[in-house]
Number of protein chains: 2
Amino acid sequence: MAQLRVVRAPRGNQLTCKSWQTEAAYRMIQNNLDPEVAERPQDLVVYGGRGQAARNWEAFEAILECLRELENDETLLVQSGKPVAIFKTHPDAPRVLIANSNLVPHWATQKHFDELVAKGLMMFGQMTAGSWIYIGTQGILQGTYETLAAVARKRGWPSLKGKFVLTAGLGGMGGAQPLAITMNEGVGLIVEVDPARARRRLEIGYVDEVVNDLEEAMVRVEECLDKGIPRSIGLIANAADIYPELVIRGITPDVVTDQTPAHDVLMYIPSGLSVEEAAVLRTTDPAEYEHRAMASMARHVQAMLEFQRRGAEVFDYGNNLRQRAYDAGVKDAFNFPGFVPAYIRPLFCEGKGPFRWVALSGDPEDIYRTDEAIMELFPEDEHLHRWLRMAREKVPFQGLPARICWLGYGERAKAGLKFNEMVAQGILKAPIVIGRDHLDAGSVASPNRETEGMRDGSDAISDWPILNALVNTAAGATWVAFHHGGGVGIGFSQHAGMVVVADGTPEAARRLERVLTADPGMGIVRHADAGYPEAIAAARRHGLRIPMLKETP
Amino acid sequence: MAQLRVVRAPRGNQLTCKSWQTEAAYRMIQNNLDPEVAERPQDLVVYGGRGQAARNWEAFEAILECLRELENDETLLVQSGKPVAIFKTHPDAPRVLIANSNLVPHWATQKHFDELVAKGLMMFGQMTAGSWIYIGTQGILQGTYETLAAVARKRGWPSLKGKFVLTAGLGGMGGAQPLAITMNEGVGLIVEVDPARARRRLEIGYVDEVVNDLEEAMVRVEECLDKGIPRSIGLIANAADIYPELVIRGITPDVVTDQTPAHDVLMYIPSGLSVEEAAVLRTTDPAEYEHRAMASMARHVQAMLEFQRRGAEVFDYGNNLRQRAYDAGVKDAFNFPGFVPAYIRPLFCEGKGPFRWVALSGDPEDIYRTDEAIMELFPEDEHLHRWLRMAREKVPFQGLPARICWLGYGERAKAGLKFNEMVAQGILKAPIVIGRDHLDAGSVASPNRETEGMRDGSDAISDWPILNALVNTAAGATWVAFHHGGGVGIGFSQHAGMVVVADGTPEAARRLERVLTADPGMGIVRHADAGYPEAIAAARRHGLRIPMLKETP
Ligand SMILES: NC(=O)c1ccc[n+]([C@@H]2O[C@H](COP(=O)([O-])OP(=O)(O)OC[C@H]3O[C@@H](n4cnc5c(N)ncnc54)[C@H](O)[C@@H]3O)[C@@H](O)[C@H]2O)c1
Ligand SMILES: NC(=O)c1ccc[n+]([C@@H]2O[C@H](COP(=O)([O-])OP(=O)(O)OC[C@H]3O[C@@H](n4cnc5c(N)ncnc54)[C@H](O)[C@@H]3O)[C@@H](O)[C@H]2O)c1
């Protein structure tokens, strides 16, 4: 039974396919389904609830077969995880073109999508699941690390050293917070209501210690702050109790955020209930549950607003907590910002985003060498160096060894060319695959998150990700994908992915330079067009060609 | 004032830009705004209500400037009619990439779109307006000619010779019907309530004669049928009276359709009212108007259903007439089919669609030579020959001389290569631009029209047009566009356009072969995937590479 097969990408420098371009796709789709990488490989689900690598096992096998046979002037077309055609193109064209989960807007509902999935006509591609460049949880950790680093930068702090970060939630994504805080040298107090969740994070070394008592927690926090030691402390308690209690005690953290599951009212544990009690109430009286959860979220946000008034850096981490509090009567809930407009967008304005790469050799040494190369390329970037050091120490590889770090316009092309050189010189044992998340500067339209509150109101304009997919295709990416619904669900986003292979040839060098220039370049262009002064300055600094660029928008 | 300038494409074989690739785009965007071509050139509106060529005059001038400067390894990006960036690509990449009117689905409403247009952030691109390959009304005439030819083919008739076609409406699009009927050698009776509209069509030679009386009209019809003479007769009357009257008289036409404006209830003239009386009632008592119009449309459709029962070929021409009658109580209104599933889709299954080309020289002789070349390439295709002969005789050029005819998979590449050869040999005075409407076999998702009622229910899946835009980019089209909302309005369609230039070089020949193979190939692939036996057979016959193609879907 194909369903029971365990998938793992081939390693080493022997080709199964006819070139490293196709070999890269061949290994990466399999790597996405490696049990170390995928959430539910038996269902072809890579991550993000139902983000799949292929429509079904038959389609998966057919894709592999196509890739094994594909010539260097041919292109495979994949429609929602199913290979549908091979056409003759040319060597500088992508080897694979992917369109996942796209629906004509009027019909772009979860319901219609689910019907089409049930008929076997579509699949949900999420972002890097259906475009074959997921690298495991390192991405979430790095994103959180970048966000917290941007918080420090905004405040003019060299890092979070000596700073107290208060947050909550040690779940699937929130669990990256303690490690991201200590990687930024800060002291974190993370409130988690579920002891089991906290314990798991302690076991894998993401959180340094777990306590049951606020008193005890604050003693440890103060100690570490005094000594300037990075430390993360998990506190088993409810955020809706602890945040207000700290307000009463007159304690003001330097940074306050939260990753409780406020996006789902029935998942947020109301004050006064244990996890087990909450589970009971959720089924016996959901209306009462909702009522209590909303009241708790209101108190939770009121405390955050008070921290903000007292000078703390407070932000929403994309879980809809402000909206809940607002609906529960906290009319100034939106006084603190969401994390994208506050910290990520300034990075996007520089073309900075999630640059990631994978060693096709399967040898961790290859990644360590690229880590060193990046440090040499950007010797001044202390923040980057810290991440790379900590990542090597703390982040176990999942599947093929991989690395992620945020690089900007210019830097990405530089790094890509360097890797290609290292492959050519035999410093690396096999080619390197370079890609990124779809959540990047110029590749996504997602008005509830990445393009929320754009300066000119252009949040919903998706000409931008389409141009991104087209220009990456024109520039010679190895594969290009265009998806709908990633991150925020069917109807709510459109986004493009790209992957380009450094196989050590001069042709690859030319493609890398073009793709890794145009792709982040789109980020600067998109934000300059929206009137962000940082982007306009970046465009001028880098000499980007934006025909109608205005000095003052 | 730029707004008052009259735009006309340069002619001749002198370059203003740096290559014929960019020169082609340069001339075609200007040709779209030629007063002979555009509906409202002063507003940059080409056709289709508000389909624009550029966002505003400033953007238009900036596009021209970019095209004049663009090198052969650079690509210009256009976002909803505004040039936003130039990136380095390579000679085989498109010179221009265009995304028009695209919105994230949840926000894809006319209202939000209009707000963004008002803010100067978007424009409506229709199909060939914003992608610079509109050629005037020849396209509508040819589409109608093809539809009627397909009707004959379906019935097993060599043409409409000796056949009686009953239809109604001589408006903007419907006015092409009489000429399309006679081009197919049939006898047409076209019922039009507005004498002024009928007169205009008589003046430009689209309709052969106009009469006021059914008696007189039927005498002429019978005469011409007897003699086998092609003839079109306009009858000033209301279709809601004439269709039922013919039923009563026991007269059954061979073909029955209709192009009254049933899509807009307040535009369909109710029985018993003159155009002037209707105009009054429309403003004084719209509810009463609507009531009467609905009743008239019900009678209109009841007569069509009776013609069908008596053996006539009856179809809806995409004006929503069946829905109106259904809403007015005619429960079997949908017993006769829409024109796309009935006649156009079988063509799409063969990769057949609207192939068009333009002579950049501006010399009509160039088009006549290509006409001859097409006739020589396809000597057996009598239907095609008839169209080309009649087109030359009856269709005045608008702007740069252009031609359209429907060609299938294989034929398009053959024609493109032939034109390129003719340019190389100096038979033509300048290069030829080859393009098509977005309404083609593999380039559109539009569930209310082109992809209505797909065999597998995949009407709304827009992975297909996205793959079409990507593969045309990969194959080396000269420009590629991706639009939203064309034909049926914001929210209701997504579609891709492509243009490729035959400049006589061997590189162009390779690009032409790739693009003109992959592009119609997508049509076969899309329909084979949906399970159409004709498409599966075409795929096998042409040796298309469809990895998971099943014999029986
Ligand atoms: N890119 C982004 O915008 C982004 C990034 C990260 C997280 N998020 C959001 O953050 C939220 C958390 O994501 P996750 O995957 O970690 O969710 P999850 O459900 O896996 O974990 C939530 C955790 O919060 C705990 N919790 C629930 N109620 C609590 C309370 N009142 N006090 C303290 N702890 C409580 C739960 O026990 C659980 O461990 C989601 O809403 C997610 O959408 C968004
Ligand atoms: N691709 C397609 O699906 C397609 C192609 C062609 C036309 N159409 C549809 O056909 C319809 C006509 O298009 P148009 O651009 O010609 O519209 P139009 O408004 O320009 O012309 C409609 C004509 O019908 C006449 N008319 C109105 N009521 C009448 C009646 N009761 N009896 C006789 N004549 C009457 C009007 O006087 C007018 O001349 C539209 O609904 C259009 O959407 C669709």
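Taking the condition free of Cβ contacts under 8 Å to residues at least 12 places away in the same chain and away from ligand 2 (no atom under 16 Å from the Cβ), does A:GLY156 pass?
yes
To keep it simple, each residue is scored yes or no on (1) away from ligand 1 (no atom under 16 Å from the Cβ); (2) at pLDDT 95 or above; (3) crowded, with 18+ Cβ neighbours inside 10 Å; (4) more than 30 Å from B:GLU36 (Cα to Cα).
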position: B:GLY139; (1), (2), (3), (4): yes, no, yes, no
position: B:THR147; (1), (2), (3), (4): yes, yes, yes, no
position: B:ALA168; (1), (2), (3), (4): yes, yes, yes, no
position: B:GLY172; (1), (2), (3), (4): yes, no, no, no
position: B:GLU192; (1), (2), (3), (4): yes, yes, yes, no
position: B:ILE204; (1), (2), (3), (4): yes, no, no, no
position: B:VAL210; (1), (2), (3), (4): yes, yes, yes, no
position: B:ASP213; (1), (2), (3), (4): yes, yes, no, yes
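Kindly establish whether B:LEU116 is under 16 Å from A:ASP463 (Cβ atoms), part of a helix (DSSP H, G or I) and within 7 Å of chain A (Cβ to nearest Cβ).
yes
Could you run through the stretch A:238-269 and say how many residues are within 7 Å of ligand 1 (Cβ to nearest atom) and crowded, with 21+ Cβ neighbours inside 10 Å?
8
Name the residues in the stretch A:523-542 that are hydrophobic (A, V, I, L, M, F, W, C), within 11 Å of chain B (Cβ to nearest Cβ) and within 21 Å of B:LEU116 (Cβ to Cβ), would you?
The answer is A:VAL525, A:ALA528, A:ALA530.
Does the stretch A:455-465 hold any residues that are facing another protein chain (nearest Cβ under 7 Å), open to solvent by 10 Å² or more (accessible area, probe 1.4 Å) and either in contact (Cβ under 8 Å) with a residue 40 or more places away in the chain or under 27 Å from A:ARG510 (Cβ atoms) (or both), and which are they?
A:ASP456
For the stretch A:474-489, how many residues are of a type in the set (A, V, I, L, M), open to solvent by less than 10 Å² (accessible area, probe 1.4 Å) and either farther than 30 Å from A:GLU421 by Cβ or assigned to a loop (DSSP other than H, G, I, E, B) (or both)?
So in the stretch A:474-489, the residues of a type in the set (A, V, I, L, M) come out as A:474-475, A:477, A:480-481, A:488.
Within this subset, residues satisfying the condition of being open to solvent by less than 10 Å² (accessible area, probe 1.4 Å) are A:474-475, A:477, A:480-481.
Going one step further and asking which of them are either farther than 30 Å from A:GLU421 by Cβ or assigned to a loop (DSSP other than H, G, I, E, B) (or both), we end up with A:477.
Residues meeting the conditions: 1.
So which residues in the stretch A:480-511 are closer than 30 Å to B:HIS90 by Cα and of a type in the set (A, V, I, L, M), if there are any at all?
Within the stretch A:480-511, A:VAL480, A:ALA481, A:ALA496, A:MET498, A:VAL499, A:VAL500, A:VAL501, A:ALA502, A:ALA508, A:ALA509 meet the criteria.
Please go through the stretch B:528-552 and give me each residue that is of a type in the set (A, V, I, L, M) and part of a loop (DSSP other than H, G, I, E, B), ordered by number.
Once the filter is applied, which keeps residues that are of a type in the set (A, V, I, L, M) and part of a loop (DSSP other than H, G, I, E, B), the stretch B:528-552 yields B:ALA530, B:LEU544, B:ILE546, B:MET548, B:LEU549.
Looking only at the stretch B:508-527, which residues are open to solvent by 10 Å² or more (accessible area, probe 1.4 Å) and of a type in the set (A, V, I, L, M)?
B:ALA509
Within the stretch A:103-123, which residues are touching a residue at least 24 places away in the same chain (Cβ under 8 Å) and either surrounded by fewer than 20 Cβ atoms within 10 Å (Cβ to Cβ) or touching a strand residue (DSSP E or B) at 6+ places or on another chain (Cβ under 6 Å) (or both)?
Scanning the stretch A:103-123 gives A:THR109, A:GLN110, A:GLY120, A:MET123.
When the residues of the stretch A:334-345 are narrowed to those that are part of a helix (DSSP H, G or I) and surrounded by fewer than 19 Cβ atoms within 10 Å (Cβ to Cβ), which ends up farthest from ligand 1 (Cβ to nearest atom)?
Of everything passing the filter in the stretch A:334-345, A:ASN335 is farthest from ligand 1 (Cβ to nearest atom).
Could you say which residue among B:ALA54, B:ALA62, B:ALA93, B:ALA38 is at pLDDT 95 or above, out of contact with any Ser or Thr (no Cβ under 6 Å at 6 or more places or on another chain), buried (at least 24 other Cβ atoms within 10 Å of the Cβ) and of a type in the set (Gly, Ala, Ser)? Before you say what the answer is, go through the steps one by one.
Numbers: B:ALA62 fails: buried (at least 24 other Cβ atoms within 10 Å of the Cβ); B:ALA93 fails: out of contact with any Ser or Thr (no Cβ under 6 Å at 6 or more places or on another chain); B:ALA38 fails: at pLDDT 95 or above.
Selected residue: B:ALA54, the only one of B:ALA54, B:ALA62, B:ALA93, B:ALA38 that is at pLDDT 95 or above, out of contact with any Ser or Thr (no Cβ under 6 Å at 6 or more places or on another chain), buried (at least 24 other Cβ atoms within 10 Å of the Cβ) and of a type in the set (Gly, Ala, Ser).
Only one residue in B:ALA474, B:ALA502, B:ALA496 is at the interface with chain A (Cβ under 8 Å from one of its Cβ atoms) and among the hydrophobic types (A, V, I, L, M, F, W, C). Which one?
B:ALA474
For the stretch A:65-90, how many residues are among the basic types (Lys, Arg) and either outside the structural domain of A:GLY497 (by TED's automatic domain parsing) or buried (at least 20 other Cβ atoms within 10 Å of the Cβ) (or both)?
Selection size over the stretch A:65-90: 1.
Would you tally the residues in the stretch B:309-324 being part of a helix (DSSP H, G or I), within 13 Å of ligand 2 (Cβ to nearest atom) and out of contact with any Gly (no Cβ under 9 Å at 6 or more places or on another chain)?
3
Could you go through the stretch B:326-333 and let me know if any residue there is of a type outside the set (Asp, Glu), more than 16 Å from ligand 1 (Cβ to nearest atom), open to solvent by less than 30 Å² (accessible area, probe 1.4 Å) and in a helix (DSSP H, G or I).
First, pick out the residues of the stretch B:326-333 that are of a type outside the set (Asp, Glu): B:326, B:328-331, B:333.
Next cut, more than 16 Å from ligand 1 (Cβ to nearest atom) only: B:326, B:328-331, B:333.
From the residues that got through so far, the ones that are open to solvent by less than 30 Å² (accessible area, probe 1.4 Å) too are B:330, B:333.
If we keep only those that are in a helix (DSSP H, G or I) too, we end up with B:333.
Yes: the stretch B:326-333 contains one or more residues that are of a type outside the set (Asp, Glu), more than 16 Å from ligand 1 (Cβ to nearest atom), open to solvent by less than 30 Å² (accessible area, probe 1.4 Å) and in a helix (DSSP H, G or I).
Within the stretch A:80-97, count every residue that is in a strand (DSSP E or B), under 24 Å from the mean Cα position of the chain (by Cα) and within 8 Å of chain B (Cβ to nearest Cβ).
1
What's the number of the only condition in (1) over 27 Å from A:LYS429 (Cβ atoms); (2) buried (at least 24 other Cβ atoms within 10 Å of the Cβ); (3) touching a residue at least 60 places away in the same chain (Cβ under 8 Å); (4) out of contact with any Leu (no Cβ under 8 Å at 6 or more places or on another chain) that A:VAL45 fails to meet?
The failed condition is (2).
A:ARG220: free of Cβ contacts under 8 Å to residues at least 24 places away in the same chain and either more than 12 Å from ligand 1 (Cβ to nearest atom) or in the same structural domain as A:MET304 (by TED's automatic domain parsing) (or both), yes or no?
Judged against the criteria, A:ARG220 is a match.
Would you call A:VAL117 within 16 Å of ligand 1 (Cβ to nearest atom), over 26 Å from A:ALA475 (Cα atoms) and not small (Gly, Ala, Ser)?
no
Right, B:ALA402: touching a Ser or Thr at 6+ places or on another chain (Cβ under 9 Å) and either among the charged types (D, E, K, R) or more than 22 Å from B:ALA150 (Cα to Cα) (or both) or not? Explain how you work it out, then say what you get.
Working: touching a Ser or Thr at 6+ places or on another chain (Cβ under 9 Å): no; either among the charged types (D, E, K, R) or more than 22 Å from B:ALA150 (Cα to Cα) (or both): yes.
For B:ALA402, the condition - touching a Ser or Thr at 6+ places or on another chain (Cβ under 9 Å) and either among the charged types (D, E, K, R) or more than 22 Å from B:ALA150 (Cα to Cα) (or both) - is not met.
Yes or no: A:ARG197 within 21 Å of A:ASP241 (Cα to Cα) and more than 16 Å from ligand 2 (Cβ to nearest atom)?
In short, yes.
Residues that are over 30 Å from A:LYS111 (Cβ atoms) and more than 10 Å from every other protein chain (Cβ to nearest Cβ): does the stretch B:436-446 have at least one? Steps first, please.
The first filter runs over the stretch B:436-446 and keeps only residues over 30 Å from A:LYS111 (Cβ atoms), leaving B:436-437.
With more than 10 Å from every other protein chain (Cβ to nearest Cβ) added as a condition, the list becomes B:436-437.
Within the stretch B:436-446 (the criterion being over 30 Å from A:LYS111 (Cβ atoms) and more than 10 Å from every other protein chain (Cβ to nearest Cβ)), the answer is yes, since at least one residue qualifies.
The values are calculated or read from the model by the stated rules, or taken from the named source; none is laboratory data. Not measured: the values here are computed from a predicted model. A quick note on method: Cβ atoms are made from the backbone with ideal geometry, for glycine too, and the neighbour counts reach across all protein chains shown. SASA here: full protein model, heavy atoms, side chains in, ligands and nucleic acids out. Shrake-Rupley method; radii C 1.70, N 1.55, O 1.52, S 1.80 Å.
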